[in-house]
Amino acid sequence: MRNREEMIKFLTGVQSSKRNYYTELKKTVSELEKKNTQLEIINDVMRGFNVDMSMDDMLKNVFEKLQTIFSIDQISLSIVDGRSLVFSNMFPAPSEHFIALGAIPDENSLYWHVVRSGKPLFYRTSPLQTWNEDESLMQIGLTSLFLFPLVNKGKVCGLLALGSKTMEEHHPSDLSFFQQLSDQVAVCMENARLYNEVLDTKKHWEETFQAVSEGILTVGLHGNILQANQAAHQYFPDDKKLTGQLVDELLFSKLDNPFRISMRTKAPSSAVVHIHEKVCECHCYPVFDDVNHLYAGIIYIKDVTEKRKIEAQLIQSGKLAAIGEMAAGVAHELNNPLTAVMGNAQLLLRKLNLSDPQHKLLSDIYECGKRSKTIIRNLLTFSRQEEFPFDQCSVNDSVEQVLGLVGNQLRKQMIEIETELDESIPFIEGSSQQIGQIVLNLLLNAKDALEDSNKREKKIQLQTGTQNVNGRQTVFLSVTDNGTGMAETVIGDIFHPFYTTKNAVKGTGLGLSVSLGIAEAHGGTLKAESTLGKGSTFQLILPVPSDLV
Ligand SMILES: Nc1ncnc2c1ncn2[C@@H]1O[C@H](COP(=O)(O)OP(=O)(O)OP(=O)(O)O)[C@@H](O)[C@H]1O
Ligand SMILES: [Mg+2]
């Protein structure tokens with residue numbers, strides 16, 4: 001209020017006439033307007049960077065406002081980039097005639113001159129071509145140029161140039177405004193650079209996070225998932241969104257929760273968990289801030305299903321090798337004394353009458369000897385001490401040979417045998433004798449399972465055919481019975497040597513392990529599927545050599 005009165009007094013002073021009063025008032029108002037616009041421009045520059053406006057947009061805004069108070073026809077920005085000075089932005093956009101955006105040649109350059117001096121410069125373009133830039137400036141009709149070095153932390157980081165077709169030199173108060181404007185632009189440019197650096201770092205980390213092929217979750221203190229990489233989503237195909245879910249429910253049981261342990265002990269912790277069909281190792285790590293406050297956790301999920309399988313196979317083959325070695329030694333040692341026991345028993349049997357009470361005892365000795373010989377033979381096959389020549393052979397032939405031997409006996413026990421042998425299956429490379437041994441083992445097992453079951457219709461189905469396994473042609477033989485079937489806990493053990501559920505007289509527990517050994521020696525495999533109370537299917541799969549396909 002006081003200021004207003006003072007202004008009225010000043011404007012209506014003794015000396016002033018009415019005409020003078022209005023002229024002064026108009027001048028003051030226009031100056032206030034100008035100052036206002038100048039403030040707006042500075043504000044615009046600031047805001048431009050805060051809301052991530054592009055440099056082009058910001059220059060355009062500044063240019064349009066500057067034009068309302070100064071006669072300006074072009075505004076441009078150049079940036080010092082290492083050892084070059086680069087035209088980065090210009091408004092209005094550069095015409096074809098003008099210098100293209102890019103590096104400004106150093107030699108005899110007005111722009112370089114201002115950058116080096118670090119002082120603002122007002123320059124009137126000269127037809128004498130004092131500077132390199134003269135020609136281009138005159139081509140677009142600029143008669144004067146105001147150049148302001150942009151200084152940040154005492155270093156010139158760029159140049160703000162204002163070109164005019166009519167511009168005169170400016171009043172000192174305007175100069176101070178331009179100085180403020182260029183200082184502000186310099187600060188904003190530095191902010192923009194830092195902002196982009198942060199964005200780049202963020203992008204880099206996000207790309208790294210996504211590139212890891214194992215699952216990674218960042219988790220809040222309460223177990224809520226904050227971020228999940230692409231690989232983590234593959235473990236939970238049904239859950240579209242992992243963020244926000246609780247790891248306690250998604251991954252861990254109440255009893256074994258490595259995340260909670262890690263948060264409590266502030267140390268890494270891990271556990272093996274089952275995610276759908278996969279076996280996974282989950283490693284949990286605590287995350288601390290600058291002042292060592294725990295604020296989050298990282299969970300790294302690694303699928304170890306394959307690794308576990310290979311480890312199990314290694315243990316298995318190690319065990320088998322050890323047993324095989326021992327078995328081979330024992331079998332060799334026993335073979336000779338057994339031959340003597342059986343030979344002598346046979347000699348004595350010939351001398352005795354059937355009615356002789358000793359006859360029964362001797363034939364028991366002979367039968368037990370025979371059985372021991374079978375076991376020894378199995379052991380030798382199992383440890384692959386016996387050599388069987390490999391040749392082209394047909395799985396169908398082996399099946400028929402074995403059926404010729406034991407088929408009748410099975411039928412006598414009221415077991416129906418159904419065969420579905422594909423005549424077109426190719427030969428395989430192997431030993432028909434050994435393949436026959438597998439068929440025999442599977443048939444005898446099926447017979448035992450049927451004998452132990454109380455089914456009225458007992459049936460064994462044998463089927464052969466071809467199938468493609470991982471791009472390789474194979475021949476398969478499946479033996480299915482509707483006998484007792486097996487509990488899941490039993491299936492895991494049946495291929496182990498000496499594993500049997502039969503009594504000591506009936507089973508040695510070597511049939512399937514010997515069969516699996518033979519299948520593997522042929523490059524194939526033997527698989528079992530079974531349902532307790534319903535029956536079992538064993539499938540032998542053997543590769544067909546490419547020249548026999
Ligand atoms: N078809 C089947 N149905 C049900 N159980 C089976 C079948 N085949 C195998 N098994 C189970 O697998 C176990 C191991 O079989 P394997 O043939 O290796 O030994 P075994 O038959 O007991 O003795 P042997 O050495 O005389 O063959 C059997 O004891 C039985 O429990
Ligand atoms: Mg058996």
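Here are a few things to note about the model shown:
- Filter result for Val279 (touching an Asp or Glu at 6+ places or on another chain (Cβ under 6 Å) and assigned to a strand (DSSP E or B)): no
- Within the range 523-536, the set of residues being closer than 14 Å to Val439 by Cβ and within 11 Å of ligand 1 (Cβ to nearest atom) comprises Leu526 only.
- Subset of the range 492-522 (residues that are in contact with a Leu (Cβ under 7 Å, 6 or more places away or on another chain) and away from ligand 1 (no atom under 12 Å from the Cβ)): Ala519, His522
- Considering the range 447-479, the residues that are away from ligand 2 (no atom under 16 Å from the Cβ) and of a type in the set (Val, Ile, Thr) include one that is nearest to Gly404 (Cα to Cα), namely Thr464.
- Subset of the range 420-445 that is part of a strand (DSSP E or B) and under 45 Å from the mean Cα position of the chain (by Cα) - its residue that is nearest to ligand 2 (Cβ to nearest atom): Gly430
- Of the listed requirements (1) part of a helix (DSSP H, G or I); (2) more than 52 Å from the chain's Cα centre (by Cα); (3) over 14 Å from Val80 (Cβ atoms); (4) in contact (Cβ under 8 Å) with a residue 40 or more places away in the chain, Val114 misses just one: (3).
- Residues within the range 496-514 that are at pLDDT 90 or above and closer than 30 Å to Phe427 by Cα, tallied: 1
- Residue check, Ile518 within 16 Å of ligand 2 (Cβ to nearest atom), under 36 Å from the mean Cα position of the chain (by Cα) and touching a residue at least 24 places away in the same chain (Cβ under 8 Å): no
- For Val341, the test of being in the same structural domain as Gln434 (by TED's automatic domain parsing) and either modelled with pLDDT of 90 or more or in contact with an Asp or Glu (Cβ under 7 Å, 6 or more places away or on another chain) (or both) is failed.
- Residues that are acidic (Asp, Glu), within 15 Å of ligand 1 (Cβ to nearest atom) and either without any contact (Cβ under 8 Å) to a residue 40 or more places away in the chain or outside any helix (DSSP H, G or I) (or both) within the range 446-479 comprise Glu451, Asp452, listed in sequence order.
- Within the range 483-500, the set of residues being within 24 Å of Gln437 (Cβ to Cβ) and either away from ligand 2 (no atom under 16 Å from the Cβ) or not assigned by TED's automatic domain parsing to the domain that holds Asp452 (or both) comprises Gly492 only.
- Any hit, the range 170-186, residues being assigned by TED's automatic domain parsing to the domain that holds Glu133 and in a loop (DSSP other than H, G, I, E, B): yes
The values are calculated or read from the model by the stated rules, or taken from the named source; none is laboratory data. What you are looking at is a predicted structure, and each value in this text was computed from that prediction instead of being measured. We place every Cβ from the backbone using ideal geometry, glycine too, and count neighbours over all the protein chains shown.
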